[in-house]
1. Taking the radius of gyration and the Kirkwood hydrodynamic radius from Cα positions alone, what is the Rg/Rh ratio for the chain, to two decimal places?
2. At 1.4 Å probe radius, can you tell me the per residue accessible area of the stretch 258-371 in Å²?
3. Principal axis lengths of the stretch 335-418 from Cα atoms, whole Å, largest first?
4. Given the rule -39500 (n - 2.57) for each run of at least 4 DSSP H residues, summed and divided by the residues of the chain, what is its mean residue ellipticity at 222 nm, to the nearest 500 deg cm²/dmol?
5. Among the aspartates and glutamates, which fall within straight-line cross-link reach of LYS380, defined as a Cα-Cα distance under 13 Å, with same-chain neighbours fewer than 8 residues apart omitted?
6. Just the projected area, averaged over all directions, of the convex hull on the alpha carbon atoms of the stretch 83-161: how many nm²?
7. With N denoting the number of residues in the stretch 237-370, provide Rg(C-alpha) divided by 2.2 N^0.38 Å, to two decimal places.
8. For LYS233, give me every one of the lysines with a C-alpha distance below 22 angstrom, ignoring sequence neighbours fewer than eight places off in its own chain.
Amino acid sequence: MLSAQDLALLRKTLGRDATDVELACFENLWSEHCSYRSTKPLLRTLPTEGNDVLLGPGDDAAIVRFSDTCALAIGMESHNHPSYVDPYDGAATGVGGIVRDILSMGARPIALMDPLYFGPLDTEKNRYLFEHVVAGIGDYGNCIGVPVVRGELVFDPSYSGNPLVNVVCVGTVDPGRYITARVKVPGSHLILIGSSTGRDGLGGASFASRDLSEDAEAADRPSVQVGDPYTEKLLIDAILEMAETGKILSCRDLGAAGLAGASSEMASTFGAVIYADRVHLRETGMVPREIMLAESQERMLVEVAPGDADRIGAIAEKYDLRWSDIGEVIADARYIVKFHGEVVADLPVDLLVGGAPLCAWDKSPYSAETPFARPETPVKDLALAILAHPDVANKDWVYEQYDRDVQLRSVSLRHDAAVLRLEDKALVLSCGCNPRHIYLKPFEGTANAVIENASNLACLGADPLCIVDCLNFASPEHPEIFWQIEQCVLGLGDAARKMAIPIVGGNVSLYNESDEFGTQIKPTPSLGMVGRGEVREWTAPAEGELLALIGRTLPDFGGSVLDAVTECGGSGPAMADPAAVAIVRDLVRGNRVTTATDLSRGGLLAALVKVAPQSDVNLAGDPLEELFSETYGRFLVTVRDESALAGVEHRTIGTVGGDALTLRLKGETVVITPGELETALTSTTRLMRF
């Protein structure tokens with residue numbers, strides 16, 4: 001993975017040829033996955049500061065104040081390539097890794113979210129990937145006792161051969177007692193705790209920094225880690241007990257690039273000597289390169305004072321975890337690895353950790369929008385096809401595999417956002433983006449992802465606290481892809497600044513392409529957003545309540561579910577005015593509306609089915625535009641009396657109640673019965689269950 005230019009630079013800087021261990025370290029730590037060589041200058045444009053941000057990007061996770069006595073640790077990661085090669089273990093270890101990122105801050109993990117992106121389910125391979133990814137997430141999360149409270153599902157041909165598995169984890173910690181990941185004191189010891197090191201996951205970071213080849217499932221299987229959630233649960237309890245002692249000076253999860261990645265990044269404030277022969281192993285004959293770069297799971301590295309090593313080790317043993325005193329912090333800014341007395345690596349730590357040369361790729365804008373071609377299919381048939389599309393249909397088959405109530409914080413997990421009780425307030429969570437819209441308009445589509453997630457929080461009366469992101473793209477070496485990346489990051493930053501929401505951390509995943517299927521993923525800057533508000537549940541409206549639409553509808557069909565079903569084309573949505581978000585948040589907080597939901601995938605039709613599947617609705621405009629457009633910044637609300645919306649621009653469109661969903665449209669009336677709705681909405685569940 002190291003280019004000829006990289007090798008020449010290393011030879012010149014070191015004044016010698018690098019050893020095999022050094023080359024392996026550079027191959028992984030200088031990979032796109034670890035060093036962000038293509039995107040670092042763009043990421044620096046994002047707003048990262050805010051009144052509640054205690055620790056922003058750069059650590060294993062961010063720390064954001066929730067109250068005077070509680071802070072949130074939050075992070076987001078991807079495990080995309082491993083989840084194609086081995087979907088069960090790839091997805092499971094994605095959960096394990098992000099949970100340990102939160103744990104390394106001294107925080108207790110309390111919630112997970114999982115935005116997932118797959119190819120169409122009419123292909124057996126995609127159904128297999130979907131089934132085993134969900135099983136991997138569910139089994140791992142259930143075993144460690146951390147609920148998956150929110151997620152997203154998107155199905156599009158561009159993900160065939162390269163599904164995306166993104167995971168958000170949130171934890172809680174005392175605002176004054178969180179742990180960071182950089183070593184504090186020369187002379188302190190580095191203690192490795194957890195599973196024994198094997199050969200699994202070798203080269204995982206470099207594997208994540210290239211396209212998936214046609215023989216990926218066989219050739220790249222050694223790059224996929226295998227998880228053990230029962231060990232992870234013991235590790236969670238052990239690290240939290242260690243943190244309570246106040247003796248952990250710093251802590252880091254062993255993730256990408258294994259021990260080499262964790263120890264070098266951790267020691268970058270000073271330097272370190274690592275004794276690779278002291279690492280507890282589960283395989284014989286392992287050489288230093290394998291010991292340092294293996295990505296075996298359920299391992300943590302902690303810094304302690306020399307006199308505290310045995311005390312920390314005793315806690316590990318209490319939880320039946322192995323531990324090794326494998327290194328020490330030194331004042332010299334070097335990264336040294338020894339194996340049975342022989343120096344196998346001796347590098348300037350800054351060169352290894354922060355010295356990767358940046359890549360400046362060419363960029364070229366593209367235009368993907370096509371003129372709108374009006375479908376001739378009857379409106380009712382279109383409506384049922386849209387409701388049956390897996391992006392819109394019920395997600396019960398997924399949710400029933402997750403223990404969503406473990407830890408007893410879950411208050412409301414329906415529809416727009418998850419609500420968890422935290423102290424005397426609500427922690428409200430949302431995630432996702434719309435890749436089809438973003439492909440058509442990368443800047444505006446990503447900005448709308450910010451607005452939509454904030455809208456989901458607003459429907460439960462919550463203020464956003466922060467954003468984390470997973471920026472998933474194809475190869476930046478294609479000029480149109482690098483332009484796409486730039487526009488998405490700029491759109492993300494623009495919307496975040498306008499809404500005063502700091503972006504506190506995340507992950508960049510590039511080279512999401514498949515030689516096997518000839519696909520490049522659509523741009524997928526998936527977001528996780530957390531907010532704070534009063535504890536409230538999503539409430540269904542009562543019969544007789546009025547249905548009202550807030551926000552202006554435009555003919556935005558490009559990238560819509562209607563487009564996915566009919567290939568009708570059309571313009572993608574422009575960036576919405578975020579002002580409507582605050583208006584709806586205030587309506588919910590003032591208890592002026594019974595129910596609020598934002599309009600997103602499936603347009604008004606999907607919102608009606610969610611809020612009032614039996615109702616009588618009058619729509620005077622173009623039926624396709626009224627029902628299926630996906631203009632952002634719109635909300636469907638229900639009120640007992642229209643006076644509750646005094647001062648808010650709105651349009652009353654119907655009444656809750658009746659025997660069916662009756663749509664009185666321009667030129668026709670469409671009636672969709674409960675049975676027809678049930679058949680359409682259970683399409684994914686029936687497909688996957690039977």
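1. Rg/Rh for the chain comes to 0.99.
2. I get 42 Å² per residue for this part.
3. 76, 50, 22
4. Counting only the DSSP helices, I get -9500 deg cm²/dmol.
5. Qualifying aspartates and glutamates at Cα under 13 Å: GLU668, GLU676.
6. 5.1
7. Numbers: Rg = 18.4 Å, N = 134, 2.2 N^0.38 = 14.1 Å.
Cα-based Rg divided by the globular estimate yields 1.30.
8. Answer for LYS233, where 22 Å is the Cα cut-off: LYS247, LYS318, listed by chain and number.
The values are calculated or read from the model by the stated rules, or taken from the named source; none is laboratory data. Being a predicted model, the structure only gives us computed values, none of them experimental. Positions of Cβ are backbone-derived with ideal geometry, glycine not excepted, and every protein chain shown enters the neighbour counts. To get the accessible areas, we keep the full protein, side chains included, count just its heavy atoms, and leave off ligands, DNA and RNA. Shrake-Rupley method; radii C 1.70, N 1.55, O 1.52, S 1.80 Å.
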